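Here's the structure we're looking at; comments come further down.
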Amino acid sequence: MASPSYARIYAVVRRIPRGRVATYGQVARLAGLSNAARQVGYALHALRGPTALPWHRVINSAGRISLSPAAGGLEQRFRLLAEGVVVGANGRVSLRRYQWRPARKRFP
DNA sequence: GCGGTGACGGTCG
DNA sequence: CCGACCGCCACCG
């Protein structure tokens with residue numbers, strides 16, 4: 001990770017509980033960043049390769065897997081299903097049921 | 001330094 | 001429920 005922003009982003013992603021999901025924008029806000037949803041996607045993309053980070057728990061605000069199947073969307077779907085998150089054939093996930101809702105929003 | 005780009009998001013038709 | 005547009009902003013060639 002080259003920037004402190006990435007570190008913050010990764011720290012938030014790491015807190016997403018198993019079986020729950022968070023949106024890119026949500027991660028950005030929780031990381032104390034602003035209008036940085038796009039950066040979150042970039043930070044995750046920068047991981048490339050095996051990682052302990054639960055990157056698959058991050059989806060877009062529409063409640064869908066944003067990553068193309070070939071680029072990893074398939075794996076993401078697979079991982080989510082493995083932890084009990086229902087994913088529709090079109091990559092659809094019910095935010096209503098699975099979105100992570102931390103007790104406190106943002107950190108001081 | 002500049003312009004294109006994208007694992008985004010909100011709005012509008 | 002789409003798709004088109006636009007605002008955003010760090011990366012990369």
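The values are calculated or read from the model by the stated rules, or taken from the named source; none is laboratory data. In this text, all values refer to a predicted model and were calculated from it rather than measured experimentally. Every residue, glycine among them, receives a Cβ derived from its backbone with ideal geometry; neighbour counts consider all protein chains shown.
Just one of A:Leu67, A:Leu47 is part of a loop (DSSP other than H, G, I, E, B), buried (at least 17 other Cβ atoms within 10 Å of the Cβ) and within 9 Å of DNA strand B (Cβ to nearest atom); which is it?
A:Leu67
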- [ ] Working only within the stretch A:72-93, note down all residues that are at pLDDT below 95 and either more than 14 Å from DNA strand B (Cβ to nearest atom) or at positive phi (or both).
- [x] A:Gly72, A:Gly88, A:Ala89, A:Asn90, A:Gly91
Task: Count - residues of the stretch A:1-16 that are loosely packed, with under 13 Cβ neighbours inside 10 Å and either near DNA strand C (Cβ under 10 Å from one of its atoms) or part of a loop (DSSP other than H, G, I, E, B) (or both) - done: 4
TODO: Could you tell me which residue of the stretch A:21-38 is nearest to DNA strand C (Cβ to nearest atom), considering only residues that are surrounded by fewer than 20 Cβ atoms within 10 Å (Cβ to Cβ) and at negative phi?
DONE: A:Arg38
